[in-house]
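Visitor: Take a look at the following structure, please.
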Amino acid sequence: MEAMGVSFLSTTPSLISLVPVPSFNSNSVATNRCLITRAGAIRCSKTETDVCGEYGFHRRDVLKCIGATVGMELLASSGPWVEMATAADLIQRRQRSEFLSNIKDTLLKAIKGNPDLIPPILTLALNDAVTYDKATKSGGPNGSIRFSSELSRPENKGLSAAVSLLDEAKKEIDSYSKGGPISYADLIQYAAQTATKATFVASAIRKCGGNEEKGSFLYSVYGSNGQWGLFDRQFGRSDTEEPDPEGRVPLWEKATVQEMKDKFKAIGFGPRQLAVMSVFLGPDQSATEALLATDPDVTPWVHKYQRSRETVSQTDYEVDLITTLTKLSCLGQQINYEAYTYPVKKIELSQLKL
């Protein structure tokens, strides 16, 4: 599992016996080992160790060479989350981050070439996730919708083209993955994230009169890109090996608002989340919102998000949608935070020339 925090000494295991911060005393050195706490404060403990040899050589000179470059980089990349991390943990984080960035590039390219598939991609992610059953702890965003017997169900009509697109993207992703093939469970949810971002950017472009460059800049300045951090951490879902049980997903285009409310309630959501997820409930968002607006519990939220989408930043709408999608994409899943990592070539410190 990904560790949380940084200890510089962990980056050079063979030098653990050396003391990193010597004092001006020629016989001994006061070592302050500092740990970053969850609140960001620093806690230090002091020990005394002899570090000067026969020739008065201070081992701090060695650590200066290594620590100045490596130590600060690791501290900067650890973030405020944590308590302790080894070099291996940070390597794994970087591996996952780079892989995820490449995945997003591949998915964005695929979606830009097929913008008409954005609605079915969103519904695909929703339908894969809402099979979750709290009583049995089964279902959820586990990739089961990829099976033909589940994909052919009435509620999944029209989603096969989206699955075919993701099949092709998966082949490309797996070809450059160094840590094994991506799961369909991850692929489907990150495709929904990419499609959602594409709708946000498209909205910004419309507000700029169709100018793509200005629209993209508008989203980068006022948009919600920074809100996706928690979603991106939930990377490492496992695929199920069988379809989920039937009868757990409504036929959204024919469902009443009460049936939608009941389904969302069953997975821990309310009218607010139902309203913000309207774009996931079928190809015609306007028609879905018009239906939802007939319910007194949902109406206030429908109007709230409609007003928000008229603003430059769409803050309320985008943040609530990202929050809801993040929760939806993790229902019942045990995230493997070591997924897609791989061994790296070991560096023998004894061979380094200092």
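Visitor: Restricting the first residue to the stretch 325-354 and requiring it to be over 30 Å from S224 (Cβ atoms) and not assigned by TED's automatic domain parsing to the domain that holds L122, which pairs with a second residue that is among the basic types (K, R) and assigned to a loop (DSSP other than H, G, I, E, B) meet a Cβ separation below 6 Å and a spacing of at least six or different chains?
Guide: Y342/K178
Visitor: Right, something else. With (1) in contact with a Phe, Trp or Tyr (Cβ under 8 Å, 6 or more places away or on another chain); (2) among the β-branched types (V, I, T); (3) in contact (Cβ under 8 Å) with a residue 24 or more places away in the chain as the list, and V201 as the residue in question, which single condition is left unmet?
Guide: The number of the failed condition is (3).
Visitor: When the residues of the stretch 311-333 are filtered to those that are assigned to a loop (DSSP other than H, G, I, E, B) and either crowded, with 16+ Cβ neighbours inside 10 Å or modelled with pLDDT of 95 or more (or both), which remaining residue is farthest from the chain's Cα centre (by Cα)?
Guide: That would be T311.
Visitor: Could you tell me which numbered condition P296 fails, if it satisfies all but one of (1) outside any helix (DSSP H, G or I); (2) under 28 Å from the mean Cα position of the chain (by Cα); (3) not hydroxyl-bearing (S, T, Y)?
Guide: (2)
Visitor: Conditions first: (1) touching a helix residue (DSSP H, G or I) at 6+ places or on another chain (Cβ under 9 Å); (2) outside any helix (DSSP H, G or I). S203 passes all but one, so which condition is the exception?
Guide: All conditions pass for S203, except number (2).
Visitor: Under the condition of being aliphatic (A, V, I, L, M) and touching an Asp or Glu at 6+ places or on another chain (Cβ under 9 Å), which residue from the stretch 103-160 is nearest to F280 (Cα to Cα)?
Guide: Result: I145.
Visitor: Among the numbered criteria (1) in contact with a Gly (Cβ under 9 Å, 6 or more places away or on another chain); (2) on the phi > 0 side of the Ramachandran plot, which one does A202 miss?
Guide: (2)
Visitor: Would you kindly identify the helices (runs of 4 or more DSSP H) lying entirely within the stretch 99-191 that contain at least 2 residues that are assigned by TED's automatic domain parsing to the domain that holds L230 and touching a Gly at 6+ places or on another chain (Cβ under 7 Å)?
Guide: 118-129
Visitor: Would you mind stating whether G270 is surrounded by fewer than 18 Cβ atoms within 10 Å (Cβ to Cβ) and assigned by TED's automatic domain parsing to the domain that holds L187?
Guide: The answer is yes for G270.
Visitor: Mind listing just one residue for me: the one in the stretch 340-354 that is in a loop (DSSP other than H, G, I, E, B) and in contact with a helix residue (DSSP H, G or I) (Cβ under 7 Å, 6 or more places away or on another chain) and, of those, farthest from S101 (Cα to Cα)?
Guide: Among those that are in a loop (DSSP other than H, G, I, E, B) and in contact with a helix residue (DSSP H, G or I) (Cβ under 7 Å, 6 or more places away or on another chain), it is L354.
The values are calculated or read from the model by the stated rules, or taken from the named source; none is laboratory data. All of these numbers come straight from a predicted model, not from anything done at the bench. Methodologically, a virtual Cβ is constructed for each residue, glycine included, from the backbone with ideal geometry; neighbour enumeration extends over all protein chains shown.
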